[in-house]
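Here is the structure we will look at.
The values are calculated or read from the model by the stated rules, or taken from the named source; none is laboratory data. Predicted, not measured: the structure shown is a model, and the values here were computed from it. Cβ sites come from the backbone with ideal geometry, for glycine too, and all protein chains shown count toward neighbours. In case anyone asks, the SASA skips ligands and DNA or RNA and just uses the protein heavy atoms, side chains included. Shrake-Rupley method; radii C 1.70, N 1.55, O 1.52, S 1.80 Å.
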Amino acid sequence: MMMQRPAPSRTPRLYVPQALRQGETVTLEDRQAHYLVNVLRLGKGASFRLFNEKDGEWLAQITAVRKRDLDLRCERKLRDPHGLPDIDYLFALLKHARLDYLAQKATEMGVARLRPVITRRTVAERVRIDRIRSNVVEAAEQCNLIGLPEVWEPQTLPELIAGWDPVRRLIFCDEEAARSSPLATLETVAPGPLALLIGPEGGFAADERKLLFDQSFVVPMSLGPRIMRADTAAVAALALLQAVLGDWRGA
């Protein structure tokens, strides 16, 4: 492994899907080129950071600026890619603005997969997967992350349960559960593949709750005495999960 120097933290950064290699040129078009040239006012010779989940983060230099695109040359590697904790985040669909927030915060919290779930009381009828992915990338760019969670297509709750691998424990945030310490609940769960499920604003229907409680891999967890909005509950529950069973341990 090559020796890495600290990343120049004030140097702007962008996610790019193209391969990043020593000395190779990456061409940015349209929105990204506009951002560098017209928003950040960068020109030929300026430095920039490029990253993706496969090749890590690289320091690059702008070598050519044209009307609709520009070229950057990869100068040196700053950081290797890194894996994410094996945590799936399952969430009932929300309306756009709150779904944007949820996708950004779940990315910052370090989940490996974002999995939308359609429930009986889901408030949003449709979801734009490309919009969720855009929010994931934006959060990673702004928060100095390299790993990006996958974004899955929506599933109904019965479809999700029918295809579930029981090795992956499913932490179910149950607003009707008797009050108990969520930390104590999580401490009973063995380390391994995990998932967190947070339902819709109106809660799960009776038959959905029965479906969940009938599964041996489901672990119900209380989030305390207050009823939270779904996006607030996501941040609270993911913080608990990362602290007890994720990559915050020993940090």
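Mind checking which residues of the stretch 120-167 are part of a loop (DSSP other than H, G, I, E, B), within 16 Å of ASP88 (Cβ to Cβ) and of a type outside the set (Phe, Trp, Tyr)?
GLY147, LEU148, PRO149, GLU153, PRO154, GLY163, ASP165, PRO166, VAL167
Look through the stretch 187-198, keep the residues that are modelled with pLDDT of 95 or more and outside any loop (DSSP other than H, G, I, E, B), and return whichever of them is farthest from PRO158 (Cα to Cα).
Once the filter is applied, the top-ranked residue is LEU194.
Can you go through LEU183, LEU238 and tell me which one is open to solvent by less than 10 Å² (accessible area, probe 1.4 Å), outside any loop (DSSP other than H, G, I, E, B), out of contact with any Cys (no Cβ under 6 Å at 6 or more places or on another chain) and not β-branched (Val, Ile, Thr)?
LEU238
Name the single residue, out of those in the stretch 63-76 being out of contact with any Ser or Thr (no Cβ under 6 Å at 6 or more places or on another chain) and under 11 Å from GLN22 (Cα atoms), that is least open to solvent (accessible area, probe 1.4 Å).
Filtering first and then ranking leaves CYS74.
Which one is most open to solvent (accessible area, probe 1.4 Å) among residues in the stretch 216-235 that are at pLDDT below 95 and over 18 Å from ALA178 (Cα atoms)?
The selected residue is ARG229.
Yes/no per residue for (1) in contact with a Cys (Cβ under 6 Å, 6 or more places away or on another chain); (2) hydroxyl-bearing (Ser, Thr, Tyr); (3) assigned to a strand (DSSP E or B); (4) modelled with pLDDT under 85:
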site: TYR89; (1), (2), (3), (4): no, yes, yes, no
site: GLN104; (1), (2), (3), (4): no, no, no, no
site: GLU108; (1), (2), (3), (4): yes, no, no, no
site: PRO116; (1), (2), (3), (4): no, no, yes, no
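Tell me which residues, restricted to the stretch 46-62, are free of Cβ contacts under 8 Å to residues at least 60 places away in the same chain and open to solvent by 40 Å² or more (accessible area, probe 1.4 Å).
If the condition is that a residue be free of Cβ contacts under 8 Å to residues at least 60 places away in the same chain and open to solvent by 40 Å² or more (accessible area, probe 1.4 Å), then SER47, LYS54, GLN61 are the ones that fit.
In this structure, does ALA140 turn out to be small (Gly, Ala, Ser), touching a strand residue (DSSP E or B) at 6+ places or on another chain (Cβ under 7 Å), surrounded by 15 or more Cβ atoms within 10 Å (Cβ to Cβ) and touching a residue at least 12 places away in the same chain (Cβ under 8 Å)?
When the stated conditions are applied, ALA140 passes them.
If we keep just the residues of the stretch 167-177 that are over 23 Å from the mean Cα position of the chain (by Cα) and open to solvent by 80 Å² or more (accessible area, probe 1.4 Å), which is nearest to LEU223 (Cα to Cα)?
GLU175
If a residue must be more than 13 Å from PRO12 (Cβ to Cβ), out of contact with any helix residue (DSSP H, G or I) (no Cβ under 9 Å at 6 or more places or on another chain), open to solvent by 20 Å² or more (accessible area, probe 1.4 Å) and not in a strand (DSSP E or B), how many such residues does the stretch 23-45 contain?
Looking only at that region, the number is 8.
Considering only the stretch 77-98, state which residues are touching a residue at least 60 places away in the same chain (Cβ under 8 Å) and open to solvent by 10 Å² or more (accessible area, probe 1.4 Å).
Listed by number, the residues that qualify are LYS77, ARG79, ASP80, PRO81, HIS82, GLY83, LEU84, PRO85, ASP86, ARG98.
Which of the residues spanning the stretch 204-215 are open to solvent by less than 30 Å² (accessible area, probe 1.4 Å), touching a Leu at 6+ places or on another chain (Cβ under 8 Å) and part of a loop (DSSP other than H, G, I, E, B)?
PHE204
Are any of the residues in the stretch 64-81 closer than 20 Å to ALA140 by Cβ and not in a strand (DSSP E or B)?
So far as the stretch 64-81 goes, yes, one or more of its residues are closer than 20 Å to ALA140 by Cβ and not in a strand (DSSP E or B).
Run down GLU201, GLU150 and say which single residue is modelled with pLDDT of 95 or more and open to solvent by 70 Å² or more (accessible area, probe 1.4 Å).
After applying the criteria, what remains is GLU150.
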